[in-house]
Amino acid sequence: MIPLARQRYLLDFTVASLLRRPGRNLSLLLVYTLVVFLLASAMLYSQALKQKAAALLQGAPEIVLQRLEAGRHALMPADYLERLGRLRGVTQVQGRLWGYYFDPAIGANYTVMVQESADQAAGDPATDAQATGDPGPGQAVIGVGIARVRGLAPGDVLSLRGYDGRPHAFDILRVLPKDTELTSADLMLIHRQDFRTLLGVPEGHFTDLVLSVRNPAEVTAVARKIAERLPDSRPILREDILRTYESVFDWREGLLLALLAGGVLAFLILAWDKATGLSAEERREIGILKAIGWETGTVLRMKLWEGGLISFSAFGIGYGLAHVHVFHAGAPLFAGVMRGWSVLQPSFTLTPQVDPLQLATLFLLSVVPYTLATLVPVWRAATVDPDSVMR
Amino acid sequence: MVRHVRPSTLGLGLLVLAGLTLMAACLEGMRSGPEVNPAMARQVAAWGLTDLALFTEARYTRHPSQADRHGPFQDHPGALEHFPTGALLAPPAHLRVVTEP
């Protein structure tokens, strides 16, 4: 008989045998698919977030310099710029002004930043805020998250209470684009004068400094020199930032997988029980097959088809569903766990992607063990005398 | 006359469905590649952003890369961490590696 036709007949017999117990096998297929779906969703979600963060933060400052006071982040006096002096390899040093504002009206934290072009920061009178599109005094540019929760649009007025209790009114100049929520949902960009009067940061102080380094290979050496010149400072390198995100999402994925582990273990017990514990009916079936002339190898191939059919179908469909869940439906099952309690939650879409190593790991962990587990008991039953099996 | 469907046709149909689903997911993933929204990349570069606005509930979750080493407890030495996001952040590196005695 042609080998292909022979396999087809074997598959005929396998499917017919599976259809004799439709409830049991269908529920196994469903649970198996669900387990693959959950595991793949967790892996895809965190992998996509990790890659998104890594790709976006490639443009983050090469070195951020914070000042520490009593072990905590403190304001950076402007004279630190002079004390830092000229460092070989550093192309630019800039003081940044940013901080947080807790808005009791909606119970949310805003990230308040000063945004101004280089000319405006240098005090060039020819460049006013309007020409650069930056917010001028009394104006604000806000992220979509703030606009959505506060119901604001360009031209509206946002009133905030300053550090000294005095009200500050801001005209909304514009709302940042909706497709940039992941970086700007809670951002509020204002003029430096407003920043100082709203949050009480005195003149001559910055929140931190950012440094640009010409040669990326010199960043560590520059950071070491800075630590020598300014012992109370803490340099944060771009690679530290990228590592932070890598570990945050690794940790989250691990935690999610740990939460799912209970369900996975329950499934493993079910699958193991189903795969290894042959029922009396199945034993009799194998005995009959052997008695009518089936070889042990043929019985094993038939069971291999059964295991492969269930596990590969569950894997393919489960992975496909996870892909749709994460990349097209916004991962509604995990969003709550992964995003925390914040009022200003960014809405964003993740870019579909596939990691061959991740796919292979999932395949090896889900398909191979089940398929192999179906073979051992069948081999044991198929190698004993048909007469004793049937009895 | 009703045509009889061979059971293997059902089985092969299921395998083909699973294979196509898997292939479609992989193809879409390979075609897209890691993509960066140019507007967001511009914001990061122009404003020197260091963190994503994913978890905005507290300082140390909004800017995990800039937070103090003991961010969750900085408000008060005995303060209990109460944000689930904070609880989901990774512990410091030195607690995660096995140190030589």
Inside segment B:25-45, the number of residues satisfying the requirement of being open to solvent by 60 Å² or more (accessible area, probe 1.4 Å) and farther than 16 Å from A:D179 by Cβ is 5
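Filter segment A:290-310 down to the residues that are hydrophobic (A, V, I, L, M, F, W, C) and free of Cβ contacts under 8 Å to residues at least 24 places away in the same chain and list them by number. Reasoning before the result, please.
Going residue by residue through segment A:290-310, those that are hydrophobic (A, V, I, L, M, F, W, C) are A:291-292, A:294, A:299-300, A:302, A:304-305, A:309-310.
Once the filter is applied, which keeps residues that are hydrophobic (A, V, I, L, M, F, W, C) and free of Cβ contacts under 8 Å to residues at least 24 places away in the same chain, segment A:290-310 yields A:I292, A:W294.
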* Asked: Can you find even one residue in segment A:355-369 that is in contact (Cβ under 8 Å) with a residue 40 or more places away in the chain and under 30 Å from B:H63 (Cβ atoms)?
  -> yes
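Please tell me if A:V175 is closer than 21 Å to A:L65 by Cα, in contact with a strand residue (DSSP E or B) (Cβ under 8 Å, 6 or more places away or on another chain) and surrounded by fewer than 23 Cβ atoms within 10 Å (Cβ to Cβ). I'd like the intermediate steps shown before the answer.
Working: closer than 21 Å to A:L65 by Cα: no; in contact with a strand residue (DSSP E or B) (Cβ under 8 Å, 6 or more places away or on another chain): yes; surrounded by fewer than 23 Cβ atoms within 10 Å (Cβ to Cβ): yes.
Taking the combined requirement at face value, the residue does not satisfy it.
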Looking across segment A:135-166 at residues that are open to solvent by 10 Å² or more (accessible area, probe 1.4 Å), assigned to a strand (DSSP E or B) and not hydroxyl-bearing (S, T, Y), the single one that is nearest to B:P38 (Cα to Cα) is A:Q139
Residue set A:R238, A:R192; condition closer than 23 Å to A:G89 by Cα, among the basic types (K, R) and modelled with pLDDT of 90 or more; output residue A:R238
Output for Cβ contacts, cut-off 8 Å, separation at least six or different chains, first residue within 14 Å of chain B (Cβ to nearest Cβ) in segment A:75-98, second modelled with pLDDT under 85 and open to solvent by less than 30 Å² (accessible area, probe 1.4 Å), reads A:V93/A:L84
Note: among A:R238, A:R224, A:R234, A:R214, just one is open to solvent by 30 Å² or more (accessible area, probe 1.4 Å), closer than 30 Å to A:A331 by Cα and in contact with a strand residue (DSSP E or B) (Cβ under 9 Å, 6 or more places away or on another chain), namely A:R238
Next on the checklist: So for segment B:65-80 (the condition being more than 19 Å from A:V112 (Cβ to Cβ), more than 7 Å from chain A (Cβ to nearest Cβ) and either modelled with pLDDT of 70 or more or within 19 Å of the chain's Cα centre (by Cα) (or both)), does at least one residue qualify?
Outcome noted: no
Taking first residues from segment A:173-198 that are more than 10 Å from every other protein chain (Cβ to nearest Cβ) and on the phi < 0 side of the Ramachandran plot and second residues anywhere that are surrounded by fewer than 21 Cβ atoms within 10 Å (Cβ to Cβ) and of a type in the set (V, I, T), the pairs with Cβ under 9 Å that are 6 or more apart or on different chains are A:F195/A:V201
Of A:V15, A:V36, A:V93, the only residue that is under 25 Å from the mean Cα position of the chain (by Cα) and open to solvent by less than 60 Å² (accessible area, probe 1.4 Å) is A:V36
Of those in segment B:27-53 that are assigned to a loop (DSSP other than H, G, I, E, B) and modelled with pLDDT of 85 or more, the residue farthest from the chain's Cα centre (by Cα) is B:G48
Condition set more than 9 Å from every other protein chain (Cβ to nearest Cβ) and among the hydrophobic types (A, V, I, L, M, F, W, C), scope segment A:99-108, selection most open to solvent (accessible area, probe 1.4 Å): answer is A:F102
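At pLDDT below 90, surrounded by 14 or more Cβ atoms within 10 Å (Cβ to Cβ) and within 14 Å of chain B (Cβ to nearest Cβ): which single residue out of A:T132, A:T127, A:T111 fits that description?
Residue meeting the stated conditions: A:T132.
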Taking first residues from segment A:11-26 that are more than 17 Å from A:T374 (Cβ to Cβ) and second residues anywhere that are open to solvent by 50 Å² or more (accessible area, probe 1.4 Å) and outside any helix (DSSP H, G or I), the pairs with Cβ under 7 Å that are 6 or more apart or on different chains are A:D12/B:R6
For helices (runs of 4 or more DSSP H) lying entirely in segment A:283-391, having 3 or more residues that are away from chain B (no Cβ under 13 Å) and at pLDDT below 80 picks out A:356-383, A:386-390
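The values are calculated or read from the model by the stated rules, or taken from the named source; none is laboratory data. As the structure is a computational prediction, the values presented were derived from the model and not from experiment. Cβ sites come from the backbone with ideal geometry, for glycine too, and all protein chains shown count toward neighbours. Heavy atoms of the whole protein, side chains included, go into the accessibility calculation; ligands, DNA and RNA do not. Shrake-Rupley method; radii C 1.70, N 1.55, O 1.52, S 1.80 Å.
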